[in-house]
1. For the structure I just gave you, tell me whether residue 129 is open to solvent by less than 70 Å² (accessible area, probe 1.4 Å), out of contact with any Asp or Glu (no Cβ under 8 Å at 6 or more places or on another chain) and of a type outside the set (Asp, Glu).
2. Are any residues in the stretch 194-203 out of contact with any Asp or Glu (no Cβ under 8 Å at 6 or more places or on another chain) and surrounded by 12 or more Cβ atoms within 10 Å (Cβ to Cβ), and if so, which ones?
3. Can you give me the number of residues within the stretch 149-184 that are assigned to a loop (DSSP other than H, G, I, E, B), at pLDDT 95 or above and on the phi > 0 side of the Ramachandran plot?
4. Restricting attention to the stretch 109-131, which residues are of a type outside the set (Gly, Ala, Ser), within 34 Å of the chain's Cα centre (by Cα) and assigned to a loop (DSSP other than H, G, I, E, B)?
5. From the list 226, 216, pick out the single residue that is surrounded by 12 or more Cβ atoms within 10 Å (Cβ to Cβ), modelled with pLDDT under 90 and assigned to a helix (DSSP H, G or I).
6. I'd like to know if the stretch 185-196 contains one or more residues that are modelled with pLDDT of 90 or more, over 23 Å from residue 131 (Cβ atoms) and assigned to a helix (DSSP H, G or I).
7. Could you list all residues from the stretch 20-67 that are within 30 Å of residue 111 (Cβ to Cβ) and among the basic types (Lys, Arg)?
8. Condition first: among the polar types (S, T, N, Q), over 20 Å from residue 54 (Cβ atoms) and either open to solvent by 60 Å² or more (accessible area, probe 1.4 Å) or touching a Lys or Arg at 6+ places or on another chain (Cβ under 7 Å) (or both). Can you find one or more residues in the stretch 76-88 that meet it?
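The values are calculated or read from the model by the stated rules, or taken from the named source; none is laboratory data. All values reported here derive from a predicted model rather than from experimental measurement. All Cβ positions, glycine included, derive from the backbone under ideal geometry; neighbour counts span all protein chains shown. Accessible surface areas use protein heavy atoms only, side chains included; no ligands, DNA or RNA. Shrake-Rupley method; radii C 1.70, N 1.55, O 1.52, S 1.80 Å.
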Amino acid sequence: MRRLMNVRWIATALVILLLSGVCVELGRWQLHRLDARKARNEVTRTNLAAPAAPLSEIVGPQRVIGEQHDWRTAVVTGRYDAAKQVVMRYRNINDRPGFEIVTPLLLSDGSAVLVDRGFLPKQGGELAPSSIPAAPSGEVTVTGRLRRSERGGHTNGGTPDNGTARLINGPDFAPVLGLTLYDGYLTVEQQVPAADPAFGGLPGPEIDDGPHFFYALQWFFFALLAIGGLIYFSRRDVTGDNAGPDGESSGPAASPDESLPAATTGAAGRLGSGGS
């Protein structure tokens, strides 16, 4: 019991309990992420089922495409500004690398919205598309899915550089292109006149719960494992204090007289008889 209560054991126990608490909180965090994902999936399902509507009616005068608008079908009419087109690098669809072509669509109220016209597969080791289908001239009507601006933490991938970028971000594009842009963009589903067939389609949303539930179970298991290990080794320390070298309980020590061999006692008696 003395070994159980020493400073080293107490410190170890506190560390294990702290780690167990961290594991529990990480498990709860994954469950919160699961709840958020389920709520987002519900919004996505609702938006996918909603009928198409004019962009201005869906988003409003703030021109900010938020989470509540994601994947909603919008209709917008305007003219492409091909001179301010941006090539999106490092895109990947179905494990195939390529590029996406984003062209601003100028609207009648003086604002503009970024339109992702589609995906061009990468040919060999090219760093830029060898050929980009021209944007239609004249008035164009686009029906597509609304998407929020892409953000990449502290990177500047949303700022176009020499006509290329890594992230589609309206606020970052606006000062470079010199346009009043919506915060967000539109992916083409239908276009009049029709889009060039060289463009590949863009994938739809992933509507599932993701791995968050199983991640939560893993963290809870780690917490139980740590607590179980602490209990196991604590019990072993306690039983070890009461066990002898062979693992058996040690009784009271025998007296010196009791430990003398019986043969020694007999020999001493015979020696005494011979001397009398």
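1. Working: open to solvent by less than 70 Å² (accessible area, probe 1.4 Å): yes; out of contact with any Asp or Glu (no Cβ under 8 Å at 6 or more places or on another chain): yes; of a type outside the set (Asp, Glu): yes.
It is true that residue 129 is open to solvent by less than 70 Å² (accessible area, probe 1.4 Å), out of contact with any Asp or Glu (no Cβ under 8 Å at 6 or more places or on another chain) and of a type outside the set (Asp, Glu).
2. Initially, the stretch 194-203 is screened for residues out of contact with any Asp or Glu (no Cβ under 8 Å at 6 or more places or on another chain), giving 194-201, 203.
Answer for the stretch 194-203, where residues must be out of contact with any Asp or Glu (no Cβ under 8 Å at 6 or more places or on another chain) and surrounded by 12 or more Cβ atoms within 10 Å (Cβ to Cβ): 195, 196, 198, 199, 200, 201.
3. Residues that pass the stated criteria total 1.
4. Going residue by residue through the stretch 109-131, those that are of a type outside the set (Gly, Ala, Ser) are 109, 113-117, 119-123, 126-127, 129.
From the residues that got through so far, the ones that are within 34 Å of the chain's Cα centre (by Cα) too are 113-117, 119-123, 126-127, 129.
If the condition is that a residue be of a type outside the set (Gly, Ala, Ser), within 34 Å of the chain's Cα centre (by Cα) and assigned to a loop (DSSP other than H, G, I, E, B), then 122, 123, 126, 127, 129 are the ones that fit.
5. Values: 216 fails: modelled with pLDDT under 90.
Residue meeting the stated conditions: 226.
6. Scanning the stretch 185-196 turns up no residue that is modelled with pLDDT of 90 or more, over 23 Å from residue 131 (Cβ atoms) and assigned to a helix (DSSP H, G or I).
7. Going residue by residue through the stretch 20-67, those that are within 30 Å of residue 111 (Cβ to Cβ) are 40, 43-67.
The answer is 40, 45, 63.
8. From the stretch 76-88, those among the polar types (S, T, N, Q) are 77, 85; that's our starting set.
Those still in the list that are over 20 Å from residue 54 (Cβ atoms) too: 85.
Next cut, either open to solvent by 60 Å² or more (accessible area, probe 1.4 Å) or touching a Lys or Arg at 6+ places or on another chain (Cβ under 7 Å) (or both) only: none.
No, there is no match, as no residue in the stretch 76-88 is among the polar types (S, T, N, Q), over 20 Å from residue 54 (Cβ atoms) and either open to solvent by 60 Å² or more (accessible area, probe 1.4 Å) or touching a Lys or Arg at 6+ places or on another chain (Cβ under 7 Å) (or both).
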